[in-house]
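Report on the structure given below.
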Amino acid sequence: MRGGSQPQLIRCSDGFYYVVKFQNNPQHRRILVNELLAAGLAQRLGLPIPSFAVVDVSGRLIELSSEMYIELPRSRERLSPGLQFGSRLPANPREGLITDFLGGFQLDRLKNPKDFLGIFVFDKWTCNTDGRQVIFSQSSNSKKYRLWMIDQGFCFNEGEWTFPDAPKRSLFTSPLVYEQVAGIESFDPWLSRLESEITLSVLREVAETIPPVWYGCDSAALNCLIEKLDARRSKVRMLLEEVHRLYDSPFPNWPRQLTKLLTRSATASALA
């Protein structure tokens, strides 16, 4: 499959197809932690995340499959067996269409266009340092597509587990999706759920599902990440407003009058 982590498409024992990322992927082993933690939290927020699982890939399967390797700059390396992260395809490739590109992209072609705003809340919270990656699925009996968020590997700044916030990070390629924003209230219910329902105990509960081998059994580092995420929940509203205050804000329908008045007031107070 395409992507820097060089995932594999595998049909698993439950009969479904999964995009599987391996422990020895070229990016970082922590990518698997990021994927599972982000998927579990996105699910709690009610975001369109595909079903996911820890996939046990046998060494025998890798030995018998000529294409199961990592392509390095000057060599190839066999994929490592064991527990990997799998993201299930939201539709059977034989029964429906799955694509990461819609020619002539328009919001009215989607069943769930507002989920783009919830995803942006999530990406600001987790400091996704990549552009937002999505796929679209279409069943054989529908003309509209459903949006799904995928590829959470660069949340928490990839393998660094730091949060270098920047207003223009995490945006989707088409600016049309942000024309739905009319104010901070447009990011509800996801923003309110994040602030009131995603508690430290919820974060720890999701973290407990992560295989320790994925983070080198470094529980202290994982606990530090969880505590930072908990502290950031109250910061997301401010991060969204920082995006709005950009000179070239991606939110053309979010009124800026109040922001201008507050800026003038602050300037007048400083001069006084």
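The values are calculated or read from the model by the stated rules, or taken from the named source; none is laboratory data. The structure displayed is predicted, hence computed values, not measured ones. For neighbour counting, all protein chains shown are included, and Cβ atoms are generated from backbone atoms with ideal geometry for every residue, glycine included.
Identify all residues within segment 45-62 that are touching a helix residue (DSSP H, G or I) at 6+ places or on another chain (Cβ under 6 Å) and not β-branched (Val, Ile, Thr); write none if there are none. The answer is Leu45, Leu47, Pro48, Phe52. Within segment 24-48, residues that are at positive phi and in contact (Cβ under 8 Å) with a residue 24 or more places away in the chain reach partners that are not in a loop (DSSP other than H, G, I, E, B) and not hydroxyl-bearing (Ser, Thr, Tyr) with beta carbons closer than 8 Å, at six or more positions or on different chains, in the pairs Gly46/Gly118; Gly46/Trp190; Gly46/Arg193. Residues that are outside any loop (DSSP other than H, G, I, E, B) and of a type outside the set (D, E, K, R) within segment 165-179 comprise Pro175, Leu176, Val177, Tyr178, listed in sequence order.
Take segment 194-219 and flag every residue that is of a type in the set (S, T, N, Q) and closer than 18 Å to Val55 by Cα. Working first, answer last.
The first filter runs over segment 194-219 and keeps only residues of a type in the set (S, T, N, Q), leaving 196, 199, 201, 209, 219.
If the condition is that a residue be of a type in the set (S, T, N, Q) and closer than 18 Å to Val55 by Cα, then Thr209 is the only one that fits.
Of all residues in segment 30-41, none satisfies being surrounded by fewer than 17 Cβ atoms within 10 Å (Cβ to Cβ) and either under 21 Å from Asn157 (Cβ atoms) or among the polar types (S, T, N, Q) (or both).
Any chance segment 80-87 includes a residue that's at pLDDT below 95, over 22 Å from Ala42 (Cα atoms) and in contact with a helix residue (DSSP H, G or I) (Cβ under 7 Å, 6 or more places away or on another chain)? No.
Gly82 falls short on exactly one of the conditions (1) on the phi > 0 side of the Ramachandran plot; (2) free of Cβ contacts under 8 Å to residues at least 12 places away in the same chain; (3) small (Gly, Ala, Ser), and that condition is (2).
Here Val19 passes the criteria (1) surrounded by fewer than 21 Cβ atoms within 10 Å (Cβ to Cβ); (2) under 30 Å from Pro113 (Cβ atoms) except the one numbered (1). Residues in segment 151-173 that are exposed (fewer than 14 other Cβ atoms within 10 Å of the Cβ), within 23 Å of Asp100 (Cβ to Cβ) and of a type outside the set (Lys, Arg): Thr173 only. The residues on offer are Pro48, Pro81, Pro73, and the sole one that is within 19 Å of Gln133 (Cβ to Cβ) and either out of contact with any strand residue (DSSP E or B) (no Cβ under 8 Å at 6 or more places or on another chain) or surrounded by 12 or more Cβ atoms within 10 Å (Cβ to Cβ) (or both) is Pro48.
In the set (1) small (Gly, Ala, Ser); (2) within 22 Å of Arg11 (Cβ to Cβ); (3) surrounded by fewer than 19 Cβ atoms within 10 Å (Cβ to Cβ), the condition left unmet by Gly103 is number (2). Taking the numbered list (1) touching a Leu at 6+ places or on another chain (Cβ under 6 Å); (2) surrounded by fewer than 16 Cβ atoms within 10 Å (Cβ to Cβ) in turn, Lys124 passes all entries but (2).
Right, Glu35: part of a loop (DSSP other than H, G, I, E, B) and not hydroxyl-bearing (Ser, Thr, Tyr) or not? Taking the combined requirement at face value, the residue does not satisfy it.
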